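Everything on this sheet refers to the single structure shown next.
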Amino acid sequence: MRRYPFHAALRPLVYCLSLSLALFAAGCARQTGEPFPVAAYQNAPDNLQGNRYTLDAEIDAQLEWREGTGRLIAVRPLGTEPARLPVFIADSLGANLMVAQRYRLELTVRRGGLLYVNALRKL
Amino acid sequence: MRSLRFLALLSLFTFASFAQGTDEAAPAAAPAKAAAKSASSTASGSATRSAAESALNVLGTGNIESNTLLSIINKAFDTDSDAFNPEDGTVSWKGHTYNIGQFRVFRARFERYLGQPESIDQDVYRAIVNEVFSLLSTRGGEAAADNTRKAWQLLYRASEYESDGGASLAIANQVFNAWRIRDEKEAIGVTQSELGRIRRQQQSAVAYTGDLIAKEGASSASNAVSNGASFMPGTVAATSPSNTTTGNSTGNNRANQNPQINNRPSATTEIGGSPTAGPVSQFFRARELAETEAKLKAAEASAMLTGVQAKLQFQTAIVNLFLQRRFQHCLIAASFYRYIFKGSAQTLEVGKKEVASFLPSSDMAITVESLEFLSREAMNETEASMQGVRASYADGQLVGALERLQETFFIGEFLPPVAQFEREKKQVLLNLYKQVDEARKLADLKDYDAVDKLVAEIGLTAKDFRTSEVTSALRAAQRMSTLSLYGAQQAAATGDYARAQEGVQRAAGLWPLNPALKTYTENMAQQVDLGSQAAVLFDDAFKRGDLRRIYDQRSELAIALLSDAVRGPQLKEIIERISRVEIYLAQAKELVAQNNAFAAWEALDAASALTPNDVSVNQRRADLAPRVAAFVGRVDSAKRQEESGNQAAALTQYLAAQGLYPASSLARTGIARVSGALLDELASAAAATNAPEATARSATKAAKPDSE
């Protein structure tokens, strides 16, 4: 009888753990973005055009909605100075948003300083 | 306008016309004289006629003179005719028109009469004339010739006075001429009688000779043939010259003629120792007789012509005196005429047409007595009229007295009742006359204020002056003028300058000295001046955006630019805009007092949007800016981003501003505006992108909902 080494016995466990970590990492993909510089954006939004950020924020109010296009939402960033930022959430994201809900937003600063939400996840 | 002016002056001129002579005052007043004459108190023409007819019926005087009187009264006081015609300088009396020369001259004569003092000369002159009348009235009896001669001599004395006007001298000369012609006629009568006597002698001679020839012709015809009777022309020739001079009526001629007559047998030819007469001598005798007949006829014609000439000259003088209204002298001349010419010569041969116009019937026999009657009628009327003048004067009816006096003066200018009118009364009437004349002239100039004062003065003097009528007419004219001016002002306010000009012209026509006209003119001048200045001011301020200055002078500019089609609406819009700014400023002031700086600033911002360059608004904003700097910074930034097309950045700033002042209307409206615009951009962008790619991306995202 062939005798299996100990690390070989843990190998399935390691595979399971690796798979679990891989799966977890996939679920927390936007956590990897830089936090959104609120003050810098308010002072000079043009300087941030093209950047991608992560922003944890609370839904403050829905400013405008255009069916088939999306909606403009005013959000209050969490963990920063009190401020209100407008973000655009396309209808294609299929999000159900309500005031006071908190989300982690993966967003891009587009032309004109538009904060375009690429993805969001409720916190 | 003219009718109004006429109404305004009608009352005045109804009275004042006697000074001008253009109205019907004289004929209208004339019935009063007729009434006085016919012992009736009524003043109307019809009443006068009725009174005259009644009086005639009562007296049973239906004779021609009375009818004439009635007709004269009717014609003289016909209220439908004008007594005075100033255009041709005539005055009508009893239907006849007297030419009194230039009316201006006649007015001057009347004024001179009113101002003329009484003189002793007048009294002396009147005494002389009365003496003439007295002498001529006693023509009957043996002293008639002497009285007439004395009256004739007095005429030369009367002619020396100015008031006589030479009329007495004309009569005296006419009388002298008539007498001279009468003497000539008497001389012709002597000649005629002598020629008649000569004619009779010649007739006898011709008849005798004819008979002798006939007698001797039959018995001694043969002797006459055998003796060769010859014709002795020397004998006949010697007698012919003397016969042909019988036309001369001197004594020498008569003396020359006697021998011829006494030597009648010598006119025959001695044939055979017996007197004989030849046919040749008979022929000459017949011719001499024919010549004498012709001379006699010529003498008769000359006598007749001389008499007619004298009569016509005298009648011409009488008619001229009558037509010159020298009625006294007309009577004097008629008296002389009646004395000089006998009853068969009383029919008027000259001036019948003129005199007939004074009489009611054209088929009447116009005689010298007709002229006497008319002259006495005029004198009586003058006397009665002057009594009426004195009565009116005594009652204080000075206007009526002046009217009657002027009417009487037209006819009886040279008669004693007019000349004897008291100096003091004439002076009062002269003053009234001048006042009324001045009032008329002022009324012509439409100086109503002066007329008003003068009329009031006249009213104090003359009780019968219709002051109230004149005053009311003046007031009416003044009111109409003012109303027209008001209409002009209203028309000018609405920009209807044509109607305004028409109204001003009408107002000036009614009352040129209207004080409101002066004020209106000055205001219009100022308005025109301000209008030109206001246009410059407005354009300058408008160009610089200084609406506040325009607003501050809005009252003056509104009047000046009211009719300006371009600036008028602009001014109106500016006034409305600045009025709203004023409201914002007041609101901001109140909000600052309530310590609501953000709201105050927003009010000022709204005001600034209306007037970006308004000093008051900007100053308030500057004062308030430090207190709302952050908010203002966000809003300004938002506006800049919005203007540059960065809608998202602008939205961010508006949200930031709203964070500072949640009640901000600026932020709220900005957010709504920018959000809409931003979504429009996104929608456009989405439509522009590739549709399949978008669909695929959507599908991919939809496939990863769990991962989010």
Discussion item. Quick check: residue separation of B:A493 and B:A301 times 0.36 nm, minus the Cα distance between them. What number comes out in nm?
Written reply: 59.7 nm
Worksheet item: With each pseudo-label sitting 7 Å past Cα toward Cβ, what's the B:K441-B:L460 distance in nm, one decimal?
Response: 2.2 nm
Worksheet, complete the sentence: With 0.36 nm assigned to each residue of separation and the Cα-Cα distance removed, B:S193 to B:A145 gains 14.6 nm
Discussion item. Taking 0.36 nm per residue of sequence separation and subtracting the Cα-Cα distance, how much length would be gained by fully extending the chain between B:T519 and B:Y156, in nm to one decimal?
Written reply: 123.7 nm
Worksheet entry | Cα gyration tensor shape of the stretch B:537-688, rounded if a/c is under 1.5, else prolate or oblate by comparing a/b with b/c | oblate
Worksheet item: For B:A294 and B:I120, FRET efficiency with R0 = 60 Å and r from the beta-carbon atoms, rounded to 0.05?
Response: 0.45
Worksheet entry | Nearest-0.05 FRET efficiency for B:A450 and B:Q427, computed from C-beta distance (R0 22 Å) | 0.40
Discussion item. Using a Förster radius of 56 Å, what is the FRET efficiency between A:D46 and A:A8 based on their Cβ-Cβ separation? Nearest 0.05, please.
Written reply: 0.45
Practice prompt. Calculate the spin-label point distance for B:V280 paired with B:L169, positioning each point 7 Å from the Cα along the beta-carbon direction, and give it in nanometres.
Written response: 6.5 nm
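Would you mind calculating the relative contact order of the stretch B:537-688 from Cα pairs under 8 angstrom and at least 6 residues apart, reporting the percent as a whole number? Don't skip to the answer; put the middle values down first.
Numbers: 142 pairs, mean separation 23.3, N = 152.
Over the stretch B:537-688, the number comes to 15 percent.
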Worksheet item: How far apart, in nm, are two points set 7 Å out from the Cα along the Cα-to-Cβ line at B:S204 and at B:S468?
Response: 10.0 nm
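A short reminder: the numbers here are calculations on the coordinates, not readings from a lab. Source: prediction; values computed, not measured. A quick note on method: Cβ atoms are made from the backbone with ideal geometry, for glycine too, and the neighbour counts reach across all protein chains shown.
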